[in-house]
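Shown next, in structure tokens, is the structure this report addresses.
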Amino acid sequence: MSPIRSATIVALASAVLATTLTGCSFGAGQEDTSPIVLAADLELSGAAAPVGKAYQRALELKIEQLNTSGALGSRKIRLEVKDNRSDASESLRNITDFSGDSKVSAIIMGGCNECAVGAVLTINEKKIPTIALAPSSAISTPVADRRYVFKLAPNAVDSAAALTTELRRKGIRKVAVLHSDDDYGREGLTALRGEFDKAKIRLVRNEAVRTTDTDVSQPVRLLTSGDAQALLLWTPPEQASLAATSAQEAGFAGSLFLDAAAAGDLFLGNARSTERATLIFTQTMVIDDVIATTPAKAARRQWFQDYTARFGGYNGFSSFAADAVQLIADAALRAGGPADQVNRDGIRDVLETSQMDGLSGPIRMTPDNHSGLMPQALTTLVARGGRWRLAG
């Protein structure tokens, strides 16, 4: 191991230790050795399986890092995973099972919007802290009805604002939109309409596709047959890739723009169809393009390298899962309580005021806002040579 890498790991471990122990006090009593049990409800089969498996890999890697770092003292994190099969009913059964297990400290849910929204009532009734990695705002608002539910994913309004800024900067005035026919897709279309009106950009046509659709060629042909200068894709990653290919096959000569939900792997399967496409996402996806001038950037770069070394590639969504683990671990340490009893209320209370410069970017939770990813976390990426790169 090189001296630079060794020093970096030591510095990061120290930073994690300092962060996780903030607010903790240790008396002369017996040290707590009880496990911190995290439950994960993920899409490991079905339409959303690629993203769900990326979350699982990230959870396992982050937990391994924390367990071996010494940052948790004598405690260890234990992960319990259930497959929701990309189905909201199955997901709700998983949440019910997890919440009934008194050893489970908190739940992390995957990228399924319907799953997270459908579980809100149960999560609050059972009073189990939950962080969802899906982007729909209905997951975390209104806060008064979602006291135990938190969200870590880009917000539609922030993504729409960033996309509109790029469209305006490139002088594009006519846009067609393909969006998913779910809560987040409809929310995105509403947010885009508002931003387009302010920027005097015309939405020439929009088409919706179900998240389970494996053929999007027809709606793409409809969207690209008019006078749109750009096609904006507001869909899951697999559908965005299919749509890009369909647009290329239809001879579309305009620009391609992707919402954060369309992000996925660093390297693109069909490089020709996405070349020069614009994506709004977090900087972690391209952190190897960024000079690590701060501890937070150094930590993101290390995470990128560790994930890539372990799994042979990088998935942009991995950082959200890792940040969820860190937030819950910090909250469990700070909440305290009897060693033989999980303090779910204490964990919830700490999560509600959590602040950190995470792997995804700046995260700030408040009693009035349970969607922690700040707008500043989003940046502009471009596809060049078969992978995403930092714009500029």
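The values are calculated or read from the model by the stated rules, or taken from the named source; none is laboratory data. Predicted, not measured: the structure shown is a model, and the values here were computed from it. Here the Cβ positions follow ideal geometry from the backbone for every residue, glycine too, while neighbour counts run over all protein chains shown. The area values use the complete protein model at the heavy-atom level, side chains included, leaving out ligands, DNA and RNA. Shrake-Rupley method; radii C 1.70, N 1.55, O 1.52, S 1.80 Å.
Distance from the C-alpha centroid of the stretch 78-104 to that of the stretch 168-231: 35 Å, rounded to the whole angstrom. When the chain is treated as a GNM with alpha-carbon contacts under 10 Å, the residue of Ser241, Ser99, Ser217 showing the greatest mean-square fluctuation is Ser217. Subtracting the Cα-Cα distance of Ala88 and Lys200 from 0.36 nm times their residue separation leaves 36.5 nm of extension gain.
Remind me, relative contact order of the chain in percent, using alpha carbon pairs under 8 angstrom and six or more residues apart? Write down the numbers at each step before the final one.
Numbers: 801 pairs, mean separation 66.6, N = 392.
Normalised by residue count, the contact order of the chain is 17 percent.
Between the Cα long axis of helix 49-69 and the first principal axis of the chain there is an angle of about 30°, rounded to the nearest 10.
Accessible surface for the stretch 55-102, divided over its residues, is 46 Å² per residue with a 1.4 Å probe. In the stretch 248-304 the Cα-Cα distances spread across 10 Å bins starting at 0 as 20, 42, 27, 9, 2 percent of all pairs. In straight-distance terms, cross-link reach from Lys82 covers every one of the lysines whose alpha-carbon lies under 30 Å from its own, apart from those fewer than eight places away in the same chain; here that gives Lys53, Lys62, Lys103, Lys126, Lys127, Lys151.
Nearest 5 percent is fine: what portion of the DSSP beta bridges confined to the chain is antiparallel? Here the share of antiparallel DSSP bridges comes out near 30 percent.
Could you tell me which of rounded, prolate or oblate describes the stretch 263-345, using a ≥ b ≥ c as the square roots of the eigenvalues of the alpha-carbon gyration tensor, with rounded for a/c under 1.5 and, failing that, prolate when a/b is larger than b/c and oblate otherwise? Since a/c reaches 1.5 and a/b is larger than b/c, the shape of the stretch 263-345 is classed as prolate. Ordered by solvent-accessible area of protein heavy atoms (1.4 Å probe), largest first, the residues Ile291, Ile280 come out as Ile291, Ile280. FRET efficiency for the Thr141 to Phe267 pair, using the beta carbon distance and R₀ = 45 Å, is estimated at 0.80.
Compared with the dominant Cα axis of the chain, that is its longest principal axis, helix 88-99 is turned about 10°.
Mind jotting down the distance between the C-alpha centroids of the stretch 125-157 and the stretch 254-310, whole Å? After rounding, the separation between the Cα centres reads 25 Å.
With a sphere of radius 12 Å drawn around the Cβ of Ala391, what net charge do the other residues whose Cβ falls strictly inside it have (Lys, Arg +1; Asp, Glu -1)?
Numbers: positive: Arg169, Lys170, Arg276, Arg384, Arg389; negative: Glu166, Asp289.
Charge balance near Ala391 sits at +3.
To the nearest ten degrees, helix 318-335 and the longest principal axis of the Cα atoms of the chain are 30 degrees apart.
Leaving out ligands and nucleic acids, and using a 1.4 Å probe, what accessible area per residue does the stretch 135-274 come to in Å²?
Values: 5880 Å² over 140 residues.
Each residue of the stretch 135-274 exposes 42 Å² on average to a 1.4 Å probe.
Note on Arg210 and Asp181: the extension gain reaches 9.9 nm, defined as 0.36 nm multiplied by sequence separation minus the Cα-Cα distance. Ranked by the mean number of other Cβ atoms within 10 Å of their residues, highest first, the peptides 151-161, 262-272 come out as 151-161, 262-272.
Carbon and sulfur: what percent of the chain's accessible surface (1.4 Å probe)? Numbers along the way, then the final one.
Working: 8240 of 16450 Å².
Looking at the chain in its full context, I get 50 percent from C and S.
Over the chain, with a single point scatterer placed on each C-alpha, what log10 of the ratio I(q)/I(0) does the Debye formula yield at q = 0.06, 0.08 1/Å? Debye output, listed in q order: -0.23, -0.41.
Quick one: grab the alpha carbon gyration tensor of the stretch 45-104, order the square roots of its eigenvalues as a ≥ b ≥ c, and give me rounded if a/c is under 1.5, else prolate or oblate depending on whether a/b is larger than b/c. Oblate is the answer for the stretch 45-104, as a/c is 1.5 or above yet b/c matches or exceeds a/b.
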